[in-house]
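Notes follow the structure.
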Amino acid sequence: MWTLLRKFKRILRPDPVTRFWKLRTHILRPNRWRRLFAPLYIHASQKILDRHNALIPCLDNIQPFATPHGLAGIFISYGAKVGTGCTIFHQVTIGSNTLADSRGAGAPTIGNNVYIGAGAKIIGAVTIGDGSRIGANAVVTFDVPSNATVVLPSPKVIVHDGPRDNVFVSWERFQHPKS
């Protein structure tokens, strides 16, 4: 009896991750009649992300990925690129670096079939190669070759001579230093 009720519940109300990816598909590739409902799809997907404290932009450069622990706390910057077949755990940040005097200014590019552990942070214009693994709570600010594993045992402190420019610049206003 309970099994039948659970199956019926999954049909009427699938899990939020499945609903989010389905709504995202409707937003990115609308059919003729789906264009009328685009604002509804955008609102529904935003409610799912807000409920899970997540930010996953509806852009073509971010491919659908597996989320074993749901969407909880996943943050992906608007400039980032995520390849196909990736697995991203909870509390992961794939963020842009928009500081003017930083050597790693830009957004990350994640290859195909990359496994990113819980709490990992990938910041700046870094490239993560295909088939790589990023360990839990690792902070990656450098390029990672294909089929490599990144684990960081302890952080290091870098002391600078003078003050640093820490003014935040939004991604829309960011001007890459190389251009």
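On the beta carbon distance between Leu36 and Asn113, with R0 = 35 Å, the FRET formula returns roughly 0.45. Computed over protein heavy atoms with a 1.4 Å probe, the carbon and sulfur contribution to the accessible area of the chain reaches 57%. Sorting the Cα pairs of the stretch 1-66 by distance into bins of 10 Å, from 0 upward, gives 19, 45, 27, 9, 0 percent per bin. In the context of the full set of protein chains, the chain has a per residue accessible area of 65 Å² (1.4 Å probe).
Among the chymotrypsin sites (Phe, Trp or Tyr not before Pro) found in the stretch 79-148, those both in a DSSP coil and sparsely packed, with 14 or fewer other Cβ atoms within 10 Å of their Cβ, are Phe142. From the coordinates of this entry, Cα extents along the principal axes in Å is computed, and it appears in (1) 51, 34, 26; (2) 79, 36, 28; (3) 67, 37, 27 under the label (3). Using a Förster distance of 30 angstrom, determine the FRET efficiency expected from the C-beta separation of Asp50 and Val169, and round it to 0.05. My answer for the efficiency is 0.75.
Projecting the Cα atoms of Pro68, Met1, Leu23 onto the dipole axis of the chain, where Lys and Arg carry +1 and Asp and Glu carry -1 at the beta carbon, places Met1 farthest toward the positive end. The H on the amide N of Val82, modeled in the peptide plane, is under 5 Å from the matching H of Ile62, Gln63, Ile110, each at least 5 residues off or on a different chain.
For the stretch 1-138, relative contact order (Cα pairs under 8 Å, six or more residues apart, normalised by length) works out to 15 percent. Charge dipole of the chain (Cα centre as origin; +1 on each Lys and Arg Cβ, -1 on each Asp and Glu Cβ, all else neutral): 1140 debye, rounded to the nearest 20.
Under the simplified labelling scheme, the Ser146-Thr25 pair shows an inter-label distance of 2.8 nm, with each label point 7 Å from Cα along Cα→Cβ. The lysine pair tally for the chain, using Cα distances under 25 Å and a gap of 8 or more places or different chains, is 12.
The values are calculated or read from the model by the stated rules, or taken from the named source; none is laboratory data. Small disclaimer: the values here were computed from a predicted structure and weren't measured. Please note: Cβ atoms are built from the backbone with ideal geometry, for glycine as well, and neighbour counts cover all protein chains shown. Only protein heavy atoms, including side chains, enter the accessible area calculation; ligands, DNA and RNA are left aside. Shrake-Rupley method; radii C 1.70, N 1.55, O 1.52, S 1.80 Å.
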